[in-house]
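Heads up: the structure comes next, in structure tokens.
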Amino acid sequence: MPNLTIETLARALDATFEGDGSLVISHPVHPDDAHQSGAVAVATSPEFVAKLKDAKAAVLAEGTDWQALGLKAAIFVGRPRYALSGVTFAFAHEIDLRAGIHPSAFVDPTAQLGEGVAVGPFAYIGARASVGAGSRILPHVSVGANARIGDDALIHPGVRIGERVALGARVIIHPNAVIGADGFSFVTPQMGAVEAAKASGGSTSDIQNTSLVRIHSLGAVALGDDVEIGACTTIDRGTLTDTRVGNGTKLDNQVQIGHNVQIGETCMLCAQVGIAGSAVIGDRVVLGGKVGVADHITIGSDVLVGAASAVATNIPSRNIMMGVPAVKRDEALRSIMAMRRLPRLFDTVDALKKRLDASKE
């Protein structure tokens, strides 16, 4: 982690500063740890400002009275939470992997590696795969045949990239993610139980699945530029067309994306989201943790879905949804409040019943 002066960090953030610009800082901290030597505290919200009494330097919202806080120097930004991205970038730890191929790695002779590519210990690069310039393949990564990785990608240890998968530029994939596994797609020789239940709309079924036959995944997975995939996330190949994730979309840890799913640009899918096969997700969609999306569902652009919701019907663009099943937020909150009032309602009904029974005596 580098040492920077206040002036250098302010310049990197395209921000202004006041006080001692030559003050050397070694690391950024939460305001709770502002007392640490060499630290610059980042106050991302007004309530954190009160915790800066022992700080020497801080990143503050424009207009904050830094002298009243007893600081030696302060950097002023329009949106401190956004500035946190620049601060952490300035102090980011370098990946300890030099360009070149580690002696224990295997790179197929037909694979193509761009300039400055680094391949770590025990990595595997399959036949006719291509890796773009400046990309870093860390230990124990496997890249399947005919896979394509764009420039400046960062693939963390244990990642599995399947055959024919295509990754855009600057993609980041965290440990043990699997991109390009077979889709979970099976069919029965006759109409199956699930098909019969959907067709009848009933709550019981006489249909039994006597056997399940695999539908092979002939498609692949295509990730756009600047996509980030969390640890232990899985994205399945498409059946006939590729499963796709658009530019700038971010997937958290332990997310499951089924076969044929199409996800737009600049989406955020939080931990343990599960999207069943052939669902379509628009641009700038946010799915909270543990959201489940049924198969063949379409979610429009600019939709927010609250954590642990179950999406069973299509959602038009620009809606905020929550609940099981997911409904518009106002409707969900009314239902929650009604549920909370039920015990009092039961007590009232019970009291009225007792009075009615007493009047009959």
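For the stretch 143-169, which residues satisfy the criterion of being among the basic types (Lys, Arg) and touching a Leu at 6+ places or on another chain (Cβ under 8 Å)? Explain how you work it out, then say what you get.
Within the stretch 143-169, the subset among the basic types (Lys, Arg) is 148, 160, 164.
Of everything in the stretch 143-169, just one residue is among the basic types (Lys, Arg) and touching a Leu at 6+ places or on another chain (Cβ under 8 Å), namely Arg148.
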Legend entry - Failed criterion for Asp357 (all others in (1) acidic (Asp, Glu); (2) modelled with pLDDT of 90 or more; (3) assigned to a helix (DSSP H, G or I) hold): (2)
Legend entry - the stretch 147-159, subset among the hydrophobic types (A, V, I, L, M, F, W, C) and touching a Ser or Thr at 6+ places or on another chain (Cβ under 6 Å), residue surrounded by the most Cβ atoms within 10 Å (Cβ to Cβ): Ile149
Legend entry - Close pairs from the stretch 307-320: first touching a residue at least 24 places away in the same chain (Cβ under 8 Å) and more than 13 Å from Ile281 (Cβ to Cβ), partner charged (D, E, K, R) and in a loop (DSSP other than H, G, I, E, B), Cβ under 9 Å, at least 6 apart: Ala307/Lys290
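Is there a residue in the stretch 95-106 that is within 30 Å of Ser45 (Cα to Cα), surrounded by fewer than 16 Cβ atoms within 10 Å (Cβ to Cβ), under 23 Å from the mean Cα position of the chain (by Cα) and not aromatic (Phe, Trp, Tyr)? I'd like the intermediate steps shown before the answer.
At the first step, the residues of the stretch 95-106 found to be within 30 Å of Ser45 (Cα to Cα) are none.
No - not one qualifying residue is present in the stretch 95-106.
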Legend entry - Breaking point among (1) surrounded by 15 or more Cβ atoms within 10 Å (Cβ to Cβ); (2) without any contact (Cβ under 8 Å) to a residue 24 or more places away in the chain; (3) of a type in the set (A, V, I, L, M), for Leu240: (1)
Legend entry - Options Gly162, Gly144, Gly180: the member that is buried (at least 19 other Cβ atoms within 10 Å of the Cβ), in contact with a Gly (Cβ under 7 Å, 6 or more places away or on another chain) and in contact (Cβ under 8 Å) with a residue 60 or more places away in the chain: Gly162
Inset, instruction - Hey, can you tell me all the residues within the stretch 167-199 that are modelled with pLDDT of 90 or more, polar (S, T, N, Q) and farther than 12 Å from Ile155 by Cβ? - result: Ser185
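Name every residue in the stretch 203-220 that is of a type outside the set (Ser, Thr, Tyr), closer than 20 Å to Gly238 by Cβ and surrounded by 14 or more Cβ atoms within 10 Å (Cβ to Cβ), in order of residue number.
Taking the stretch 203-220 first, the residues of a type outside the set (Ser, Thr, Tyr) are 206-209, 212-216, 218-220.
Right, trim to closer than 20 Å to Gly238 by Cβ and you get 212-216, 218-220.
Selection gives Ile215, Gly219, Ala220.
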Inset, instruction - Out of the residues in the stretch 257-279 that are within 18 Å of Ala220 (Cβ to Cβ) and either β-branched (Val, Ile, Thr) or under 11 Å from the mean Cα position of the chain (by Cα) (or both), state the one that is surrounded by the most Cβ atoms within 10 Å (Cβ to Cβ). - result: Ile257
Inset, instruction - Go through the stretch 305-323 residue by residue and tally those that are more than 15 Å from Ile275 (Cα to Cα) and either outside any strand (DSSP E or B) or out of contact with any helix residue (DSSP H, G or I) (no Cβ under 7 Å at 6 or more places or on another chain) (or both). - result: 5
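Every residue, every condition in (1) among the aromatic types (Phe, Trp, Tyr); (2) at positive phi, yes or no:
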residue	(1), (2)
Val159	no, no
Asn176	no, yes
Phe184	yes, no
Gln190	no, no
Legend entry - Test result for His35, under 30 Å from Ser142 (Cβ atoms) and surrounded by fewer than 16 Cβ atoms within 10 Å (Cβ to Cβ): no
Inset, instruction - Please determine, by comparing only the residues of the stretch 284-338 that are of a type in the set (S, T, N, Q) and over 18 Å from Val255 (Cβ atoms), which one is surrounded by the fewest Cβ atoms within 10 Å (Cβ to Cβ). - result: Thr313
Legend entry - Residues of the stretch 63-114 that turn out to be among the β-branched types (Val, Ile, Thr), in contact (Cβ under 8 Å) with a residue 24 or more places away in the chain and not in a strand (DSSP E or B), as a count: 3
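The values are calculated or read from the model by the stated rules, or taken from the named source; none is laboratory data. The structure presented is a predicted model; accordingly, all values stated were derived computationally and were not measured. Ideal geometry is used to build each Cβ from the backbone, glycine not excepted, and the neighbour counts take in all protein chains shown.
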